[in-house]
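Notes to accompany the following structure.
The values are calculated or read from the model by the stated rules, or taken from the named source; none is laboratory data. Remember, predicted model here, so these are calculated numbers, not experimental data. Heads up, the Cβs are rebuilt from the backbone with ideal geometry, glycines too, and the neighbour counts pull from every protein chain shown.
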Amino acid sequence: MSKFLVSACLAGFPCRYDGKAKTDPEVVKLVKQGLAIPICPEQIGGLPTPRPAAELVGQRILSATGEDFTENFVRGAQETLRLAQEFGCTKAILKSGSPSCGFGQIYDGTFSGKMTAGMGITARLLWENGFEVESR
Ligand code: SF4
């Protein structure tokens, strides 16, 4: 059976920007069964928890006050891809809406809670490298 790369916040890790998790019992079960590897791209990209909320604004990842986290997000995406491939993952289950993990719909860059069609930096890199991506 193929292995999943999963957003660590879905697996119960309190790694979100606000220091909370977004636990999904099915994802936790996959991890406990040894079928999924939990990773937080923003943490392995070098960002602390908690951290400022950020959104994709054009080609950059910015906070509401204009801090630029693009470099951390790109590094986190590359490291996530590297680890996922090393662990033999071919599928990903990722947290919706996130500028890293969002797939299909992400926040629109206006910090108003509105969504738009798009992909987070990590979701896009995994998808471009042939991963089957599911959004939760
Ligand atoms: Fe969850 Fe992904 Fe955000 Fe990390 S970067 S908190 S795994 S949505």
- [ ] Give the residue, chosen from ALA92, ALA77, that is more than 12 Å from ILE121 (Cα to Cα), at pLDDT 95 or above and among the hydrophobic types (A, V, I, L, M, F, W, C).
- [x] ALA92
Task: Residue satisfying condition, being farther than 19 Å from TRP127 by Cβ, within 11 Å of the ligand (Cβ to nearest atom) and either surrounded by fewer than 16 Cβ atoms within 10 Å (Cβ to Cβ) or modelled with pLDDT under 95 (or both), within set ALA64, ALA53 - done: ALA53
Task: Output for segment 26-50, where each listed residue is in a helix (DSSP H, G or I) and under 18 Å from LEU125 (Cα atoms) - done: PRO41, GLU42, GLN43, ILE44
- [ ] Write out, first by first residue and then by second, each pair whose Cβ atoms fall under 6 Å of each other, whose residues are 6+ apart or on separate chains, and whose first residue, in segment 80-103, is at positive phi while the second is surrounded by fewer than 21 Cβ atoms within 10 Å (Cβ to Cβ).
- [x] GLY88/LYS3
Open item on the list: Could you tell me how many of the residues in segment 51-80 are closer than 30 Å to SER2 by Cβ and assigned to a strand (DSSP E or B)?
Closed with: 2
Task: segment 42-94: number of residues that are more than 29 Å from PRO25 (Cα to Cα) and of a type in the set (Ser, Thr, Tyr) - done: 3
Task: segment 112-135, subset in a helix (DSSP H, G or I) and within 16 Å of the ligand (Cβ to nearest atom), residue surrounded by the most Cβ atoms within 10 Å (Cβ to Cβ) - done: THR122
TODO: Taking GLY109 as the residue in question, decide whether it is of a type in the set (Gly, Ala, Ser), crowded, with 17+ Cβ neighbours inside 10 Å and either part of a loop (DSSP other than H, G, I, E, B) or modelled with pLDDT under 95 (or both).
DONE: yes
Task: Test result for ILE106, over 18 Å from TYR17 (Cα atoms), within 12 Å of the ligand (Cβ to nearest atom) and either out of contact with any Ser or Thr (no Cβ under 6 Å at 6 or more places or on another chain) or acidic (Asp, Glu) (or both) - done: no
